[in-house]
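The values are calculated or read from the model by the stated rules, or taken from the named source; none is laboratory data. No experiment lies behind these values; they were computed from the predicted model shown. Here the Cβ positions follow ideal geometry from the backbone for every residue, glycine too, while neighbour counts run over all protein chains shown. Protein only, heavy atoms only, side chains kept; ligands, DNA and RNA dropped before computing areas. Shrake-Rupley method; radii C 1.70, N 1.55, O 1.52, S 1.80 Å.
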Amino acid sequence: MIRSAPTRCLSVALSVVLLASSGATSRGTGEAVTEPGIGIASPEEVGVDSTVLVRMSEWIRRDRLDVRSLLVVKDGKLIFERYSRGLDRDYNHELYSITKTVTALNFGILADQRRIDAEDAVAPWILKLRPGLVDAVRDKGGLRLRDLMTMSSGLLYRQVEGSDPLYFRAPDRLGVALSATPRIPPATQFEYTDANPVLVGAAMQAAAGEPEQAFAEAHLFRPLGMRNAKWTGLDGTGMVSGGWGLRLRAIDMAKIGLLMLRDGDWEGRQVVSRAWIRRMCASSQAAMDYGYYTWINHVVESEPEFGAMGFKGQFITVLPERNAVIVMTSILPTDGGLRTATYLNLYRRMVNDFILPAMHDTPRPSPDASRREALRRELELASQSQGEPGTGLAFNDGPER
């Protein structure tokens, strides 16, 4: 559960959301606080109708949805920043499978440096890292890294509900992932399994000569001006999972989306190549709606859209035609599958029924005092409310500073 915040923290969070309604944020000093690579504006200044965003927030409160952060960035400017009770911009959140998309970005940086390639076979990289695993990779000789990143490895991993050693207190997560056995030939069928990013992460560690979290800090997090990033879930060998366990602030999730929207450019620096971003966001042979650890038109069908999704309702959504990024962290109901989960359908409603209509081109909404006041008032109410978790809370579901 979300821990009760002390009085000072609540006042900070409140000042954050109040100033957000006029296009600024603060840590409680009254001083506007910006983030590297992200400007600030009110919705109407970039042609977005804030009254529709207000209605969305009212629905979230009325239905007591456990939406912890919800951000909209348009034309490179943060225009909507909503936090629930006790939270503010400085909290990070468990991203679950959004971690996979970050792993794909890190892979692209390594590939740009010509230290690894998506066409490489995975077995030699595993053996470079762990020569003693020769027997475990013997049946994986035809498996390429791109097969793992498109979730078309053909590997069968039998998950143990509630205590799977791939996730919890793993002494050797790579060894567990390698227990997955070939079921069908690679690159023939989409099958989502968390064994895949463990193998990719191991290959990356071998190529980089350092753990993935250290590489990410130096080559991705620091260049984007991220703060309070944390990669949890190290196993007994000191290895993180490439598929889950990353914690980021919502504003830093938005930076990931903006980096992808800008084809890998960040304030004039090409952090990852345009070619790699395009490759991440292209449909694979196995699934039209999935690229390299990236979902494609998974949330929006009416126009181009790509992004990342995590269990229980974590999202980064990129809308190229709108020059916009949407971010959400939440604990929503998990019933249903990858394409039909309740948390996904609730988010689809937020985006398709509220955020996209708010971005209509004509008539262009005009900034006025009444709109600003209505948004300010609603963000204040949101900062005082807390929804009911839609599913059971795990040890890692609490926001952290």
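Brief remarks follow.
- Condition met for Asp335 (out of contact with any helix residue (DSSP H, G or I) (no Cβ under 6 Å at 6 or more places or on another chain) and of a type in the set (D, E, K, R)): no
- Filtering region 174-184 for residues that are out of contact with any Leu (no Cβ under 7 Å at 6 or more places or on another chain) and open to solvent by 50 Å² or more (accessible area, probe 1.4 Å) leaves a non-empty set.
- Qualifying residue in region 341-356 (condition: touching a strand residue (DSSP E or B) at 6+ places or on another chain (Cβ under 6 Å), within 18 Å of Met253 (Cβ to Cβ) and part of a strand (DSSP E or B)): no
- Listed by first and then second residue, the pairs linking a residue in region 133-159 that is on the phi > 0 side of the Ramachandran plot and in contact (Cβ under 8 Å) with a residue 12 or more places away in the chain to a residue that is outside any loop (DSSP other than H, G, I, E, B) and crowded, with 19+ Cβ neighbours inside 10 Å, with Cβ atoms under 8 Å apart and 6 or more places separating them unless they lie on different chains, are Met151/Asn196; Met151/Tyr290; Gly154/Asp147.
- Scanning region 328-344 for residues that are surrounded by 14 or more Cβ atoms within 10 Å (Cβ to Cβ) and not aromatic (Phe, Trp, Tyr) turns up Met328, Thr329, Ser330, Ile331, Leu332, Pro333, Thr334, Leu338, Ala341, Thr342, Leu344.
- Condition met for Ser383 (more than 17 Å from Leu71 (Cα to Cα), touching a residue at least 40 places away in the same chain (Cβ under 8 Å) and more than 22 Å from the chain's Cα centre (by Cα)): no
- Residues satisfying the stated conditions in region 187-197, i.e. closer than 17 Å to Asp139 by Cα and crowded, with 21+ Cβ neighbours inside 10 Å: Ala195, Asn196
- Of all residues in region 119-126, none satisfies being crowded, with 22+ Cβ neighbours inside 10 Å, in contact with a strand residue (DSSP E or B) (Cβ under 9 Å, 6 or more places away or on another chain) and either hydroxyl-bearing (Ser, Thr, Tyr) or closer than 14 Å to Met328 by Cβ (or both).
- Residues that are under 27 Å from Ile296 (Cα atoms), part of a loop (DSSP other than H, G, I, E, B) and of a type in the set (Gly, Ala, Ser) occur in region 181-197; there is at least one.
- Among the residues making up region 224-280, those that are among the hydroxyl-bearing types (Ser, Thr, Tyr) and more than 25 Å from Asn323 (Cα to Cα) are Thr232, Thr237, Ser241.
- Search result, residues across region 383-395 that are over 24 Å from Ala341 (Cβ atoms) and not in a loop (DSSP other than H, G, I, E, B): Ser383
- Boolean, Glu212 is closer than 30 Å to Asp265 by Cα and either without any contact (Cβ under 8 Å) to a residue 60 or more places away in the chain or among the charged types (D, E, K, R) (or both): yes
- In region 91-109, the count of residues that are surrounded by fewer than 23 Cβ atoms within 10 Å (Cβ to Cβ) and either modelled with pLDDT under 95 or acidic (Asp, Glu) (or both) is zero.
- Here Thr329 passes the criteria (1) within 24 Å of Gly37 (Cα to Cα); (2) at pLDDT below 95 except the one numbered (2).
- Region 134-155 - residue that is farther than 19 Å from Lys100 by Cβ and open to solvent by less than 70 Å² (accessible area, probe 1.4 Å) and, of those, farthest from the chain's Cα centre (by Cα): Val134
- With respect to the conditions (1) open to solvent by 60 Å² or more (accessible area, probe 1.4 Å); (2) in contact with an Asp or Glu (Cβ under 7 Å, 6 or more places away or on another chain), Asp397 lacks only one, and its number is (1).
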